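Every read-out reported here was derived from the displayed coordinates using simple, explicitly stated rules and does not represent laboratory data. What you see is a predicted model; the values in this text were computed from it and never measured. Glycine gets a Cβ as well: all are built from the backbone with ideal geometry, and neighbour counts include every protein chain shown.
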Amino acid sequence: SHLDGLEVPDMSFTAMDNDSIICSGGIIPIWEGVFEGWVMASNLIWQNKFSSAKIIKKGMNKLIKDYKVIRLQTAVKENFTLGHRFAEWLGMKQEGLMEQYQNNENYYRYARII
């Protein structure tokens, strides 16, 4: 699955409801102090919006502290309004448009400097 390529041991977390995955998130090291953040969610996220958002924020903040992150960056699809709001809620600032970034679609780069 797509998650297999993202998961780095001890650098990811998963929120569960019974035996079902609500969402997963984590960081991938790029070079010293710089990491790519990612979040993937199932349809169960809509039934658990607020608790999931808090878990993701708490998980990211723990990883930032544990791995001495200086820069956390991510990409958000150009027309994914909720994703843009979520990245900003996580303390990230939009840096610019990345044209044809993934699957011939435009994404915006967001980053949080710690």
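What shape does the stretch 15-69 have by the C-alpha gyration tensor, where a ≥ b ≥ c are the square roots of the eigenvalues, rounded means a/c under 1.5, and otherwise prolate means a/b greater than b/c and oblate the rest? Show your work: numbers first, answer last.
Values: a/c = 2.92, a/b = 2.26, b/c = 1.29.
Cα axes put the stretch 15-69 in the prolate bin.
If a spin label sat at a point 7 angstrom from the Cα of residue 31 along the line to its beta carbon, the backbone N atoms of the stretch 43-81 nearer than 16 Å would be those of 70-73.
Once the Cα-Cα distance is subtracted from the 0.36 nm per residue extended length, the residue 71 to residue 88 segment shows a gain of 4.7 nm.
GNM on the chain, alpha-carbon springs under 10 angstrom: the most fluctuating residue among 92, 16, 60 is 16.
Bridging of residue 65 to lysines at a Cα separation below 23 Å is possible for 54, 57, 93, once same-chain residues fewer than 8 apart are set aside. The residues packed around residue 103, meaning those with a beta-carbon under 14 Å from its beta-carbon, carry a net charge of -2 if Lys and Arg are +1 and Asp and Glu are -1. A Gaussian network model of the chain, with springs between Cα atoms under 10 Å, assigns the largest mean-square fluctuation among 61, 43, 18 to 18. Each residue, residue 102 and residue 40, gets one label point 7 Å from its Cα in the Cβ direction; the gap between the two is 1.0 nm.
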